Amino acid sequence: MDFNFELILTVIFLLCGLCWLMNKSIRADEDSLIGFLASLAPVLGFVWVLRSFVAEPFQIPSKSMEPTLKVGDYILVNKWVYGIRIPVLNTKLIDVSEPQRGDVMVFYPPHEDRYFIKRVIGLPGDKINLIKGQLFINGEKMVQQAYEDEPAAPRSVVMMENLGESEHLMQRRIQPTRLSLNFSATVPDGHYFMIGDNRDNSSDSRVWGPVPESRIVGKAFARWMFWDSLFSLPSFERAGKIQ
């Protein structure tokens, strides 16, 4: 996730598309460089449109979203649900819908240009409080119940958390760390407050602030494969909808 694959794909597609237009005029030999690049244009165009406007695959690189998403999970991200955007520039052209509390979202954080994935906890205008691991939104306590079916890390507990219209698994330390001990913030207009489900092991909006709407990439909606090592076989047991 550290390099901009979208930019690379766009540049290659534009180059092949230019060769395709040139080939229409000069009818270059298929064995020539121009002819070869021109032949790639239709396939690259299909991939570019699919990844830029429909859905894009990602691999989870860190433990910040455990237990919902684990290192090695391969996921699909809906690229149009939050609006149709110009590839690379990320400028919105057409409004579709707004992020909802509880969505798992891919975005660029305010401080750097690489993909992050976290959960939408705060909407514009919301007041967020975390006190001893307990989440409050606009003064209302979000219900957390112990969830025994999912193993937790040492000195941690897995909870089912209700965010009003959605519920999801989250993990927190029995003794909360600084991130969850006593935190408060108000979400500015046009921004979203993002927190990892692994509450005490996540660099998120508590560290670098809320995410501007212009930095949104898309909504993560499905796991399709798990593969955490080149020395193991891919598994599809975790395939399914992301909650």
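Structural remarks
- Based on the Stokes-Einstein relation at 20 °C and a viscosity of 1.002 mPa s, and on the Kirkwood radius from alpha carbon pairs, the stretch 47-122 is assigned a translational diffusion coefficient of 159 µm²/s.
- Selected from Asn23, Ile8, Leu33, residue furthest toward positive end of dipole (the stretch 1-73; charges at beta carbon): Asn23
- With Cα atoms, 0 to 90° folded angle of helix 33-49 axis to the chain main axis: 30
- Taking all protein chains into account, the per residue accessible area for the chain stands at 54 Å² (1.4 Å probe).
- Working from Cα pairs under 8 Å separated by at least six residues, relative contact order for the chain is 21 percent.
- The stretch 5-106: trypsin sites (Lys or Arg not before Pro) falling in loop per DSSP and having at most 16 other Cβ within 10 Å: Arg27, Lys70
- For the stretch 66-140, size of Cβ-based charge dipole, Lys and Arg +1, Asp and Glu -1, in debye: 60
- Dipole in debye (nearest 20) - the chain, about Cα centre, beta carbon charges: Lys, Arg +1; Asp, Glu -1: 400
- Summing +1 for each Lys or Arg and -1 for each Asp or Glu among the other residues whose beta-carbon sits under 13 angstrom from that of Lys118 gives +3.
- Calculated translational diffusion coefficient of the stretch 26-163 (4 °C, 1.567 mPa s; Stokes-Einstein with Kirkwood radius over alpha-carbon pairs) equals 69 µm²/s.
- For Phe236, neighbours were defined as the other residues whose beta-carbon sits under 15 Å from its Cβ, and their charges (Lys and Arg +1, Asp and Glu -1) total +1.
- Greater than 29 Å apart at Cα, pairs in Lys92/Lys141; Lys92/Lys118; Lys79/Lys141; Lys63/Lys241; Lys63/Lys219: Lys92/Lys141; Lys79/Lys141
- Of the options [x] 0.95; [y] 1.02; [z] 1.18, only one is Cα Rg over 2.2 N^0.38 Å as computed from these coordinates, and that is [z].
- Relative to the dominant Cα principal axis of the chain, helix 5-26 is inclined by about 20°.
- The charge dipole of the stretch 1-92, taken about the Cα centre with unit charges on the Cβ atoms of Lys, Arg (+1) and Asp, Glu (-1), comes to about 360 debye, rounded to the nearest 20.
- Cα lying deepest toward the dipole's positive end in the stretch 191-239, options Ile216, Met194, Ala239, charges on Cβ: Ile216
- DSSP-assigned coil residues among GluC sites (Glu not before Pro) in the stretch 147-243, each with at most 14 further Cβ atoms within 10 Å: Glu148, Glu165, Glu237
- The residue among Val49, Ile94, Thr177 whose Cα reaches farthest toward the positive pole of the charge dipole of the stretch 32-187, with charges on the beta-carbon of Lys, Arg, Asp and Glu, is Thr177.
- 13 Å cut-off, amide nitrogen to a point 7 angstrom out along Gln175 Cα→Cβ, residues in the stretch 138-156: 155-156
The values are calculated or read from the model by the stated rules, or taken from the named source; none is laboratory data. Remember, it's a predicted structure, so these values are computed and weren't measured experimentally. We place every Cβ from the backbone using ideal geometry, glycine too, and count neighbours over all the protein chains shown. Note: accessible area is taken over every heavy atom of the protein model, side chains too, but ligands, DNA and RNA are not part of it. Shrake-Rupley method; radii C 1.70, N 1.55, O 1.52, S 1.80 Å.
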